[in-house]
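K.L.:
First the structure, which I've put down as structure tokens, then a few questions once you've had a look.
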Amino acid sequence: MATLKDLGEYLDLSVTQVSRALNGHSDVNEKTRLRVQQAAKKLNYSPNIAARNLVSGRSGVMGLVSRVPVGEASDNYLDVIVGLSAQFAKRNKQFIIHIIDKNEDEIEAYRKLVNSGAIDGFVIVEAIINDPRIAFLQEKSFPFVVHGRTPNENNFPYFDIDNYGVAYSLTEHLIKLGHKHIALINGLEGSCYSAARLKGYQAALAAGRLPFYPHLIRSGGMYESLGIVSTVQLLTHTEIKPTAIIAGNILIARGVYKALDALKLDIPQHISVVAHDDVLPRFRASAFYPALTVTRSALESSWGPLAEYLCGTIEGVPLKKLQQVAPFEFMTRASTAAVNNIKI
């Protein structure tokens with residue numbers, strides 16, 4: 001079986017270059033990476049992971065702690081697991097999900113895993129304000145990466161989208177169409193992305209010199225049911241009813257569409273609807289009728305950076321190279337129109 005040295009001699013590259021190409025490091029160009037991968041396949045090279053880990057003192061295993069049993073996971077959560085697993089595999093790392101009971105102390109679970117030496121680093125998803133997981137791992141100086149940012153000082157590796165900008169852009173778009181009563185169906189209270197979106201929404205209202213109505217805000221799990229229930233409540237149980245609704249994701253938007261249909265209200269004649277689109281294969285915004293106006297950033301584009309940044313922090317890459325806020329697209333379709341003063 002070929003070794004790294006054999007590959008290097010065959011390709012006229014150093015062992016370090018070959019190793020970094022095989023491990024998917026971003027400083028290796030795509031042409032060299034493909035050349036090394038093709039040679040590895042031709043020479044039947046297979047990394048001796050056990051030997052490498054013995055030398056490095058590392059397990060080669062990355063982890064994610066979850067309270068959600070895989071059988072009960074949402075489609076979004078399954079996308080997270082599959083996407084991260086694939087990206088770590090490209091870097092010759094194993095990725096495990098450590099499921100904890102709903103009554104189990106989460107930080108104690110982290111403590112046991114850190115002390116076991118079985119995990120090299122963690123991926124933290126769905127970060128919350130004053131997140132105790134981040135505080136614990138920082139106290140232990142243990143490697144981790146976060147999908148998202150906190151409102152506080154972010155002195156850790158992360159990959160995020162501009163959630164503030166997402167909400168600001170969607171709200172601003174509706175204000176320009178003359179809407180003054182705009183509802184926001186947001187994610188769970190306390191989550192970092194929801195807090196950022198609420199701030200963006202409020203900032204756009206302020207810029208448009210419009211008042212903020214707390215009763216036009218709804219929060220909860222990002223599921224279709226939240227869209228249905230929230231829309232019915234907003235349009236039947238409130239004195240000031242919205243003429244436009246911002247949905248936190250495509251699943252919520254689908255619930256909004258279903259509720260409006262049940263209430264015999266047309267989009268966009270009676271209500272304009274916009275949403276953020278994570279570009280999930282099973283839920284296409286363009287397939288909505290009428291086609292949905294969205295901000296757009298693919299959830300799957302975060303898995304590569306998260307895996308790269310966690311491996312990077314373990315290897316001592318400078319922090320500033322392990323932080324990214326990705327942009328988003330704005331796509332105007334048929335679900336928004338100038339405000340119509342038809343009484344609902």
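The values are calculated or read from the model by the stated rules, or taken from the named source; none is laboratory data. In this text, all values refer to a predicted model and were calculated from it rather than measured experimentally. When we count neighbours, we look across all protein chains shown, and the Cβ atoms used for this are built from the backbone with ideal geometry, even at glycine.
K.L.:
Would you say Leu235 is touching a residue at least 24 places away in the same chain (Cβ under 8 Å), part of a loop (DSSP other than H, G, I, E, B) and surrounded by fewer than 21 Cβ atoms within 10 Å (Cβ to Cβ)?
P.N.:
On the way: touching a residue at least 24 places away in the same chain (Cβ under 8 Å): yes; part of a loop (DSSP other than H, G, I, E, B): no; surrounded by fewer than 21 Cβ atoms within 10 Å (Cβ to Cβ): yes.
Spelling it out, it is not the case that Leu235 is touching a residue at least 24 places away in the same chain (Cβ under 8 Å), part of a loop (DSSP other than H, G, I, E, B) and surrounded by fewer than 21 Cβ atoms within 10 Å (Cβ to Cβ).
K.L.:
What pairs can you find where one residue is in the stretch 128-157 and closer than 27 Å to Gly60 by Cβ, the other is assigned to a loop (DSSP other than H, G, I, E, B) and of a type in the set (Asp, Glu), and their Cβ atoms are less than 7 Å apart, with a gap of 6+ or different chains?
P.N.:
That search, which allows pairs on different chains as well, returns Pro143/Asp120.
K.L.:
Count, please, the residues in the stretch 295-317 that happen to be out of contact with any Ser or Thr (no Cβ under 7 Å at 6 or more places or on another chain) and in contact (Cβ under 8 Å) with a residue 40 or more places away in the chain.
P.N.:
Taking the stretch 295-317 first, the residues out of contact with any Ser or Thr (no Cβ under 7 Å at 6 or more places or on another chain) are 296-307, 309-317.
Subset that is in contact (Cβ under 8 Å) with a residue 40 or more places away in the chain: 297, 299-300, 302-307, 309-314.
The number of residues fulfilling the criteria is 15.
K.L.:
Please specify each residue of the stretch 181-201 satisfying the condition of being more than 22 Å from Asp277 (Cβ to Cβ) and surrounded by 17 or more Cβ atoms within 10 Å (Cβ to Cβ).
P.N.:
His181
K.L.:
Identify, by number, the condition in (1) closer than 14 Å to Ile246 by Cβ; (2) part of a helix (DSSP H, G or I); (3) out of contact with any Gly (no Cβ under 6 Å at 6 or more places or on another chain) that His215 doesn't meet.
P.N.:
His215 satisfies all of (1) closer than 14 Å to Ile246 by Cβ; (2) part of a helix (DSSP H, G or I); (3) out of contact with any Gly (no Cβ under 6 Å at 6 or more places or on another chain) except (1).
K.L.:
Kindly establish whether Ile228 is closer than 19 Å to Ala338 by Cβ and touching a helix residue (DSSP H, G or I) at 6+ places or on another chain (Cβ under 6 Å). Spell out how you get there, then give the answer.
P.N.:
Working: closer than 19 Å to Ala338 by Cβ: no; touching a helix residue (DSSP H, G or I) at 6+ places or on another chain (Cβ under 6 Å): yes.
Taking the combined requirement at face value, the residue does not satisfy it.
K.L.:
Anything in the stretch 287-305 that is in contact with a strand residue (DSSP E or B) (Cβ under 6 Å, 6 or more places away or on another chain) and among the polar types (S, T, N, Q)? List them, or say none.
P.N.:
Answer for the stretch 287-305, where residues must be in contact with a strand residue (DSSP E or B) (Cβ under 6 Å, 6 or more places away or on another chain) and among the polar types (S, T, N, Q): Thr293, Thr295, Ser297, Ser302.
K.L.:
Condition test on Leu78, is it modelled with pLDDT under 90 and over 19 Å from Trp303 (Cα atoms)?
P.N.:
Answer is no for this residue.
K.L.:
Out of the residues in the stretch 133-170 that are touching a Phe, Trp or Tyr at 6+ places or on another chain (Cβ under 9 Å) and small (Gly, Ala, Ser), which is nearest to Lys321 (Cα to Cα)?
P.N.:
Here the residue is Gly148.
K.L.:
Determine which member of the set Ile228, Ile246 is at pLDDT 95 or above and outside any strand (DSSP E or B).
P.N.:
Ile228
K.L.:
As an exercise: evaluate Lys102 against (1) farther than 23 Å from Trp303 by Cα; (2) modelled with pLDDT of 95 or more and give the number of the one condition it does not meet.
P.N.:
(2)
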